[in-house]
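S.K.: Just dropping this structure here.
The values are calculated or read from the model by the stated rules, or taken from the named source; none is laboratory data. Here the structure is a predicted model, which is why all the values come from computation and not from measurement. Ideal geometry is used to build each Cβ from the backbone, glycine not excepted, and the neighbour counts take in all protein chains shown.
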């Protein structure tokens, strides 16, 4: 990669490889698992997944970054960095990162910065949230703490995203049917993902007639309250050690070639526009510049569809579709298999689930596995493997105050 000389250019980064990935066995209402269970599952699961030839040596992990939004409220447990570190015999340095629903991707870039500085060569990033011990009303209240307490007191995120939906519908003519198409498509995609919270198909009519939550958003426009964990191991090395002394080669592991992180006003009232998330536009611009790519190069993306309108905003702000056309593009099948760009093949937050601290890490973990293994797609007569070269992950905190974009290469 050429060194940047322009003072406004995005800084050069080292090649960061995703050498291991893990997503908990299932996202959903995991009544039989505690917060600590989910953490242990992710730590030991990702170590096992580095190589088929044996378990990864835990001592290779020089530091751990854990993403979590609200374990202090949901589980009465803070200091999660210590909870994670003590699972290793060598007690690696560990940091907890919080940025609402963008906690996972913020932990990712914090880890990447440490790798790029040369401080560490191999680190683990883990995301976790155990939310369902609270009922949905209590969980909604906790999640609302990621909005602007002074300016938006009493608002919920369904209400805030409903305002964004109303604005988009008013300006561009986005329809109820187009919102429903996002949900229908993502639930269909989740059928290929055994780990998804929901494995059930819905029709446009079922989504459009589901219970009203915050006009125009209905129940099936909203991502669920989920439990789950995810983890990746990142490295700038060319190989690592297994417990039996063998080495594992990282040559063919997926790489992170671009990242962008941007902020905007926490309160919607202070935003310049309610029909775009400016932080998405800025973060994507930096990520694409760093990767030396454009949106046209991206074949598959996991975007932050906490609500159906959020996916429409994302695919427009990321440059996949012109402003105001994302809803129709979804309805026309341009965001599913065989379309212009495959959006949320995991089922997204809507159907795969949204354990908030885990989501940003899960997006990268899922895409890394997708780039490495491809995905089975049904045809008229059989199944075929679809392979991809470039992928994008888009993670949002709050109603768009924090956005992180990652670009991955096979």
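S.K.: Could we say that residue 245 is part of a loop (DSSP other than H, G, I, E, B) and either over 17 Å from the mean Cα position of the chain (by Cα) or under 21 Å from residue 96 (Cβ atoms) (or both) here?
M.R.: yes
S.K.: Listed residues 126, 160, 115; which is farther than 30 Å from residue 44 by Cβ and touching a residue at least 12 places away in the same chain (Cβ under 8 Å)?
M.R.: Answer to the check: 160.
S.K.: Also, quick follow-up: Determine, yes or no, whether residue 233 is over 30 Å from residue 33 (Cα atoms), in contact with a strand residue (DSSP E or B) (Cβ under 9 Å, 6 or more places away or on another chain) and assigned to a strand (DSSP E or B).
M.R.: In short, no.
S.K.: Would you tally the residues in the stretch 337-354 being in a loop (DSSP other than H, G, I, E, B) and either surrounded by fewer than 18 Cβ atoms within 10 Å (Cβ to Cβ) or in contact with a helix residue (DSSP H, G or I) (Cβ under 7 Å, 6 or more places away or on another chain) (or both)?
M.R.: Qualifying residue count for the region: 8.
S.K.: As an exercise: evaluate residue 259 against (1) closer than 24 Å to residue 38 by Cβ; (2) in the same structural domain as residue 349 (by TED's automatic domain parsing); (3) surrounded by 21 or more Cβ atoms within 10 Å (Cβ to Cβ) and give the number of the one condition it does not meet.
M.R.: With (1) closer than 24 Å to residue 38 by Cβ; (2) in the same structural domain as residue 349 (by TED's automatic domain parsing); (3) surrounded by 21 or more Cβ atoms within 10 Å (Cβ to Cβ) applied to residue 259, the lone miss is (1).
S.K.: Is at least one residue of the stretch 355-374 in the same structural domain as residue 344 (by TED's automatic domain parsing), within 18 Å of residue 67 (Cα to Cα), assigned to a loop (DSSP other than H, G, I, E, B) and modelled with pLDDT of 95 or more?
M.R.: For the stretch 355-374, residues in the same structural domain as residue 344 (by TED's automatic domain parsing), within 18 Å of residue 67 (Cα to Cα), assigned to a loop (DSSP other than H, G, I, E, B) and modelled with pLDDT of 95 or more: present.
S.K.: Yes or no: residue 334 in the same structural domain as residue 405 (by TED's automatic domain parsing), part of a loop (DSSP other than H, G, I, E, B), over 16 Å from the mean Cα position of the chain (by Cα) and surrounded by fewer than 24 Cβ atoms within 10 Å (Cβ to Cβ)?
M.R.: It is true that residue 334 is in the same structural domain as residue 405 (by TED's automatic domain parsing), part of a loop (DSSP other than H, G, I, E, B), over 16 Å from the mean Cα position of the chain (by Cα) and surrounded by fewer than 24 Cβ atoms within 10 Å (Cβ to Cβ).
S.K.: Name every residue in the stretch 117-133 that is over 14 Å from residue 92 (Cα atoms) and buried (at least 18 other Cβ atoms within 10 Å of the Cβ), in order of residue number.
M.R.: Scanning the stretch 117-133 gives 127, 128, 129, 130, 131, 132.
S.K.: Let me ask something additional. In the stretch 114-151, what count of residues is obtained for those that are modelled with pLDDT under 90 and under 20 Å from residue 265 (Cα atoms)?
M.R.: 3
S.K.: Among (1) surrounded by fewer than 22 Cβ atoms within 10 Å (Cβ to Cβ); (2) within 15 Å of residue 20 (Cβ to Cβ), there is one condition residue 269 misses while meeting the rest; what is its number?
M.R.: (2)
S.K.: Residues in the stretch 272-298 that are part of a loop (DSSP other than H, G, I, E, B) and crowded, with 18+ Cβ neighbours inside 10 Å: how many?
M.R.: 5
S.K.: Here's another thing I want to ask about it. Out of the stretch 149-192, which residues are in a loop (DSSP other than H, G, I, E, B), touching a helix residue (DSSP H, G or I) at 6+ places or on another chain (Cβ under 8 Å) and surrounded by fewer than 22 Cβ atoms within 10 Å (Cβ to Cβ)?
M.R.: 151, 152, 155, 156, 175 - these are the residues of the stretch 149-192 that are in a loop (DSSP other than H, G, I, E, B), touching a helix residue (DSSP H, G or I) at 6+ places or on another chain (Cβ under 8 Å) and surrounded by fewer than 22 Cβ atoms within 10 Å (Cβ to Cβ).
S.K.: Then there's this: For the stretch 379-403, give me each residue that is part of a strand (DSSP E or B) and more than 16 Å from residue 186 (Cα to Cα).
M.R.: 383, 384, 385, 386, 390, 391, 392, 395, 396, 397, 402, 403
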